[in-house]
Amino acid sequence: MNTWQTIRRDDSDYDQQIATLSRVAQPNQAVYESVRSIVEHVRTKGDEALAEFTLKFDKQVLAPADFKVTHDATQPTPEVLEALTYSLNNIRAFCDARRPQDWQRDNKEGARVGEMYRPFQRIGINVPGGTAPLVSSALMTVGIAREAGVPEIVVMTPPPVDSNLLFALRFAGATEVYQVGGAHAMAALAFGTPSIKRVQKIFGPGNAYVVEAKRQLVGYVAIDQLPGPSEIAVVADDTANAAFIAADLLAQAEHGPGSQIVLLTPSEALLRAVEEEMRVQLPKLSRQKHLADVLTTGSRFILTRDLAEALKLADDYAPEHLALVVDNAREIAQQIRNAGAIFIGNYSPVAAGDFLAGPSHTLPTGGAAKSFPGLTLDQFYRRTSLVEYSAKTLEPVVPFIETFSAIEKLDAHGRSARIRLES
């Protein structure tokens, strides 16, 4: 018996069902209220609140002096070290290809204009831990910050910190690691506490509470994006391999509660083949409870009217990961507007992007891909404009400045330009 939801084009409520795929990232009211209380408690009580929430949510008794992880990381096995090194090298190469460059040029009147990019001095990164210590998230956030030249890279992760995760954090370039996670950790980064100095910008994925905390803290601190629980949409036709698709869907489902998996195909034969592969592959996997939660509450297998509708629904859904397994997939990918990352063809597993392809796997979820990009190197920089006039280049534009000044009723603006010519 299926534990996932299958929606067919001849279902009487088909149009109503597919309409729910069009989403906009928005807070859950209950989560919003809970996080608001947590954030305020950390703002007013600092380390005392962090200790309370660490006991409540992580069942760990920690004094403020214990928040910072000071011990050395244990050397991992050669296999783990080789995998970490391989991934980090790909990440660094990807960063090199898109490193922002300072530039200057003369504008129409001959004034010098341009941009310069400088890394943030101090940033905070949330790295999930718990039952799945995400060493790849360490590389794909901390490693990028290091490539950008950020001097102070502060990591927050729930206690106790897995030994491989700690090594990956240090290996990637973290300068401080605190065993504090959740919404309260984000508040500590934004406000600062006696034991944790505040940061300028917060990065990294997290659960719904972490995402909501980041949303509420905008203004106190900058944020990267809203990356929450993992999700995938697969658009496939008869050229797709059903076993591969089932494996990708299950791979994202094993992240557990909050994750979502969607299959969009006009092929009845493929849909049935994927469902059969799900039945074959599912019992062989270890995280059965996590899988069952997602298959029951966060899965939709949709038999669309045609491929064009499947592509439109994928764009409306704006998934974190979009697997495009169709004929001419590379060309069709150019039509997609809303997706965190696109995986093209039968031999591009999402796991390759998760672990080592090069682009960061920190991607917008919950429909936020309509507004936010995935994490990139340039987000670790502050962009500053440069403007330099001489008396010669200023003179011809002063009348224009005075016209704008008059329209906007800001006479001091016009005077600030004219006075330079009078002197």
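The values are calculated or read from the model by the stated rules, or taken from the named source; none is laboratory data. If you're wondering where the values come from, they're calculated on a predicted model, not measured in any experiment. Quick reminder, even Gly has a Cβ in these numbers, built from the backbone with ideal geometry, and neighbours come from all protein chains shown. Protein only, heavy atoms only, side chains kept; ligands, DNA and RNA dropped before computing areas. Shrake-Rupley method; radii C 1.70, N 1.55, O 1.52, S 1.80 Å.
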- [ ] List every residue pair whose Cβ atoms sit under 7 Å apart, with the two residues 6 or more apart in sequence or on different chains, where the first one lies in the range 329-344 and is modelled with pLDDT of 95 or more and the second, anywhere, is surrounded by fewer than 20 Cβ atoms within 10 Å (Cβ to Cβ) and part of a loop (DSSP other than H, G, I, E, B).
- [x] 329/345; 341/359; 342/336
Task: Failed item, numbered, when residue 169 is tested on (1) within 30 Å of residue 311 (Cα to Cα); (2) assigned to a helix (DSSP H, G or I) - done: (1)
- [ ] Counting only residues that are among the hydroxyl-bearing types (Ser, Thr, Tyr), give me the helices (runs of 4 or more DSSP H) lying completely in the range 1-105 with at least 1 of them.
- [x] 14-19, 29-45, 47-58, 78-97
Open item on the list: So, in the range 52-78, how many residues would count as being small (Gly, Ala, Ser) and touching a residue at least 24 places away in the same chain (Cβ under 8 Å)?
Closed with: 2
Open item on the list: Name the single residue that is least open to solvent (accessible area, probe 1.4 Å) among those in the range 283-317 being part of a loop (DSSP other than H, G, I, E, B) and closer than 19 Å to residue 253 by Cβ.
Closed with: 298
- [ ] Being among the hydroxyl-bearing types (Ser, Thr, Tyr) and assigned to a strand (DSSP E or B) is the filter; apply it to the range 382-423 and report the residue that is nearest to residue 107 (Cα to Cα).
- [x] 385
TODO: Those residues that are free of Cβ contacts under 8 Å to residues at least 60 places away in the same chain, open to solvent by less than 30 Å² (accessible area, probe 1.4 Å) and over 14 Å from residue 9 (Cα atoms), I need them from the range 265-281; list them, please.
DONE: 270, 274
Task: the range 123-158, subset over 15 Å from the mean Cα position of the chain (by Cα) and within 9 Å of residue 204 (Cβ to Cβ), residue surrounded by the most Cβ atoms within 10 Å (Cβ to Cβ) - done: 155
Task: Qualifying residues in the range 172-191 (those that are in a loop (DSSP other than H, G, I, E, B), in contact (Cβ under 8 Å) with a residue 60 or more places away in the chain and not β-branched (Val, Ile, Thr)) - the one most open to solvent (accessible area, probe 1.4 Å) - done: 179
- [ ] Tell me, yes or no, whether the range 32-46 has at least one residue that is among the acidic types (Asp, Glu) and within 27 Å of the chain's Cα centre (by Cα).
- [x] yes
Task: Failed item, numbered, when residue 214 is tested on (1) under 30 Å from residue 26 (Cα atoms); (2) in a loop (DSSP other than H, G, I, E, B); (3) not aliphatic (A, V, I, L, M) - done: (2)
TODO: Would you check which residues across the range 238-253 are buried (at least 19 other Cβ atoms within 10 Å of the Cβ), over 11 Å from residue 346 (Cα atoms) and not hydrophobic (A, V, I, L, M, F, W, C) and list them?
DONE: 252
Open item on the list: Restricting to the range 20-44, count the residues that are of a type in the set (Val, Ile, Thr) and open to solvent by 70 Å² or more (accessible area, probe 1.4 Å).
Closed with: 3
